[in-house]
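Read through the structure below, which is laid out as structure tokens, and then see the notes.
The values are calculated or read from the model by the stated rules, or taken from the named source; none is laboratory data. Worth saying up front: this structure is predicted, and the values here are computed from it rather than measured. Cβ placement follows ideal geometry from the backbone for every residue including glycine, while neighbour counts extend to all protein chains displayed. Each accessible area value is taken on the protein alone, full model and side chains, heavy atoms only, with ligands, DNA and RNA left out. Shrake-Rupley method; radii C 1.70, N 1.55, O 1.52, S 1.80 Å.
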Amino acid sequence: MLIYWSILLVALSAALVYSRPRLAGLRPEVSSWSVLWVGAWLGLTLVIGLRYEVGADWPAYEAMVRAVSGLPLWQALDTTDPAYAALNWVGANVGGGVLFVNTVCAALFSWGLIAFCRLQPRPWLALLVAVPYLVIVVAMGYTRQGVALGLAMLGLTALLQGRLLGFVLWVAVAAMFHKSAAILIPLAVFVGSD
């Protein structure tokens, strides 16, 4: 339980220290992540990715990795959504198992979450609000949905910056981890019609 409270307290501390909202139109550059944001990304990645026997789908994810052990990659791709199947295959046949898969997915989720939060007027508050459900429930409980959500948030970040093609590409990659992400594609139509 202590780790969950620690994540929440770190996000709360940052939200209190950096509580001044940014003015509308003043957006950080995507490439200019401060040491604090890199630390937040790394911390979230490690806590989410290196969890052990945590999450509603843990037994199913462990079984997926075992199921592709020794299979050729092309055959493993038929077991679940293609990008997640490829990660399972690497974890099973190259090394790292389910912890490798979870850590890669956690890194992608955390990247998307932080990129999206950084575009908000109060970025640290946005991260604080995301911790209880998006981080603890979704990313730690449902790995495929978590990584798809993180990649979808990268897509939404691109959309907020006026990069329609970037949005579509990120959502397409997200759908390769969990098909449900494809439901966001119609948003591109609404953005183009001002």
(request) Could you pull out the residue among 159, 113 that is in a helix (DSSP H, G or I) and within 20 Å of residue 43 (Cα to Cα)? (result) 113
(request) Can you tell me which residue among 143, 103 is polar (S, T, N, Q) and under 13 Å from residue 41 (Cα atoms)? (result) 103
(request) Output the number of the condition that residue 59 fails; it satisfies all remaining conditions of (1) in contact with a helix residue (DSSP H, G or I) (Cβ under 9 Å, 6 or more places away or on another chain); (2) at pLDDT 90 or above. (result) (1)
(message) Among the residues of the stretch 65-97, what is the count of those that are open to solvent by 50 Å² or more (accessible area, probe 1.4 Å) and not in a loop (DSSP other than H, G, I, E, B)?
(response) 8
(message) Suppose we filter the stretch 53-64 for residues that are surrounded by 20 or more Cβ atoms within 10 Å (Cβ to Cβ) and charged (D, E, K, R); how many remain?
(response) 0
(request) Just give me the residues in the stretch 131-150 being open to solvent by 10 Å² or more (accessible area, probe 1.4 Å) and under 26 Å from residue 81 (Cβ atoms), in sequence order. (result) 133, 134, 136, 137, 138, 142, 144, 145, 149
(request) Report yes if residue 25 is at pLDDT below 85 and of a type outside the set (Lys, Arg), otherwise no. (result) yes
(message) Taking the condition of being under 21 Å from the mean Cα position of the chain (by Cα) and not in a loop (DSSP other than H, G, I, E, B), how many residues in the stretch 55-64 meet it?
(response) 6
(message) Quick check on this structure: which one of 100, 190, 177, 167 is crowded, with 23+ Cβ neighbours inside 10 Å and either in a helix (DSSP H, G or I) or more than 13 Å from the chain's Cα centre (by Cα) (or both)?
(response) 167
(request) Please work out if residue 107 is surrounded by fewer than 23 Cβ atoms within 10 Å (Cβ to Cβ), more than 16 Å from the chain's Cα centre (by Cα) and not in a loop (DSSP other than H, G, I, E, B). (result) no
